[in-house]
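Remarks on the structure that follows.
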Amino acid sequence: MAEGRIIKALSGFYYVKTDEGIYACKGRGVFRKRKITPLVGDFVSFDINNEVEGYITEVKQRKNELIRPPIANIDQAVIVNAATMPSFSSLLLDRFLILIEAKHIKPIIFINKMDKATKEEMNMMQRYKEDYEQIGYHVELLSAKDTIDYDDIKQYLPNKVTVFAGQSGVGKSSILNALQPSLILKTASISKSLGRGKHTTRHVELVEVNSGLVADTPGFSNLDLTEIKLEQLGACFPEIREIQHHCKFRGCLHSKEPHCAVKEAVEDGRIRSYRYEHYVSFLEEIQTRKPRY
Ligand code: GDP
Ligand code: ZN
């Protein structure tokens, strides 16, 4: 028996990485009975058949999992934004942040396309960087076109599983390709060797980049807040999480309640008002969502 981590799932095989190498494994029927589908990112035990093949016998407990892309045990998510084209939206950034926080994944904020930013946009991004750093996030201003920044970016990757997220056009693929030029080539050649078109099989793969593993498919493409509970929302904002236990009422939602520590902090400037406004709009979105039958 051996242990390892699934780094790729393709055509019924799970590719399990161990210190000795990569084994192409099948899942046993036992998973179907227990309704467990092994996911990329899972830690597993498997029986070795030969030097390159095996059978998965056990999937270890997950710390988290995503549905799109299907991947488990994610350590951190890099939210890629653009300073411009498409223009920066702190509301959209905050939406990504709470979705990631709700999954107990550590967010990191990248603001890309700084080479395209006007002086005014640069100053604005610098202010946002300070705001988000103030509440505990790492923020990098960068340009995928400018390789000088890559050392700053690569420092985040060692020994972690990282998923990139962000709206389309912000530069996720450009950054991933710059970090690992073989990435796209590799996935394309795998599809080719199986005699399939590039897009017929949707699969996710963890690719080794700078001693870490990076998902080759962006995550958090579904931005609805369906899975977030009302009472959970405050905890998805670090600056609210930190002080909400001072609110007079237990279960305070920081909207209409009196003696609310969060609203006081907004009034005296300890909490940025735009962050609070985003909190309120997400709260309303969750409150008014239609019940699902
Ligand atoms: P994705 O949809 O997030 O994967 O974005 P892409 O990586 O496909 O980038 C979208 C477009 O923006 C492409 O035309 C890129 O060449 C361009 N782009 C990406 N990063 C930068 C950057 O830092 N500076 C500039 N000027 N263009 C960029
Ligand atoms: Zn409150």
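With springs connecting C-alpha atoms under 10 Å apart, model the chain as a Gaussian network and identify which of ILE98, ILE67, ILE56 has the largest mean-square fluctuation.
Checking each option, the largest mean-square fluctuation is seen for ILE67.
How far apart, in nm, are the 7 Å Cα→Cβ label points at LYS256 and THR37?
4.2
Which value, in Å² rounded to 10, gives the accessible area of ASP224 with a 1.4 Å probe and all protein chains present?
Per-residue accessible area (ASP224): approximately 70 Å².
What percentage of the solvent-accessible surface of segment 2-60, computed with a 1.4 Å probe over protein heavy atoms, is contributed by carbon and sulfur atoms?
Summing carbon and sulfur atoms, their accessible area is 49 percent of the total for segment 2-60.
Over the chain, with a Gaussian network built from C-alpha contacts below 10 Å, which listed residue (GLY54, GLY269, GLY41) shows the highest mean-square fluctuation?
Highest fluctuation among the options: GLY269.
Sorted by accessible area with a 1.4 angstrom probe, largest first, how do MET85, MET124, MET1 fall?
Details: MET85 110, MET124 75, MET1 160 Å².
Solvent-accessible surface, decreasing: MET1, MET85, MET124.
Calculate what fraction, in whole %, of the accessible area of segment 230-288 sits on carbon and sulfur atoms when a 1.4 Å probe is rolled over the protein chains. The partial results should precede the final answer.
Numbers: 1720 of 3450 Å².
Roughly 50 percent of what the probe reaches on segment 230-288 is carbon or sulfur.
Largest first and in whole Å, give the semi-axes of segment 2-60's equivalent ellipsoid, each being the square root of 5 times a Cα gyration tensor eigenvalue. It would help to have the intermediate numbers written out before the result.
On the way: eigenvalues 54, 25, 21 Å².
Working through the eigenvalues yields semi-axes of 16, 11, 10 Å.
Considering only Cα-Cα distances, which of the following residue pairs are longer than 22 Å: LYS63/LYS229; LYS106/LYS160; LYS103/LYS160; LYS160/LYS229? Kindly include the intermediate steps, with their values, before the conclusion.
Working: LYS63/LYS229 19 Å; LYS106/LYS160 11 Å; LYS103/LYS160 16 Å; LYS160/LYS229 28 Å.
Those over the limit are LYS160/LYS229.
Taking 8 Å as the Cα distance limit and 6 or more residues as the minimum spacing, I'd like the relative contact order of the chain as a percentage. Show your work: numbers first, answer last.
Details: 489 pairs, mean separation 44.4, N = 293.
Here the relative contact order equals 15 percent.
Classify the chain as rounded, prolate or oblate from the Cα gyration tensor: take a ≥ b ≥ c as the square roots of its eigenvalues, call it rounded if a/c is under 1.5, otherwise prolate when a/b beats b/c and oblate if not.
On the way: a/c = 2.37, a/b = 1.48, b/c = 1.60.
Note, shape of the chain comes out oblate.
In percent, how large is the relative contact order of segment 237-293, given Cα pairs closer than 8 Å and 6 or more residues apart?
Values: 33 pairs, mean separation 12.6, N = 57.
Relative contact order of segment 237-293: 22 percent.
Expressed in nm to one decimal, what extension gain is obtained for the pair ARG62 and SER11 from 0.36 nm per residue of sequence separation less their Cα-Cα distance? Working shown, then result.
On the way: separation 51, 0.36 × 51 = 18.36 nm, distance 2.29 nm.
Using 0.36 nm per residue and subtracting the Cα-Cα distance, I get 16.1 nm.
Counting heavy atoms of the protein chains only and a 1.4 Å probe, report the per residue accessible area for the chain as a whole number of Å². Show your work: numbers first, answer last.
Numbers: 16010 Å² over 293 residues.
Roughly 55 Å² per residue, with all protein chains present.
The values are calculated or read from the model by the stated rules, or taken from the named source; none is laboratory data. Since we're looking at a predicted model, the values are computed, not measured. Note that each Cβ is placed from the backbone with ideal geometry, even for glycine, and that neighbours are counted across all protein chains shown. Quick note on the areas: whole protein, heavy atoms, side chains included, nothing else; ligands and nucleic acids left out. Shrake-Rupley method; radii C 1.70, N 1.55, O 1.52, S 1.80 Å.
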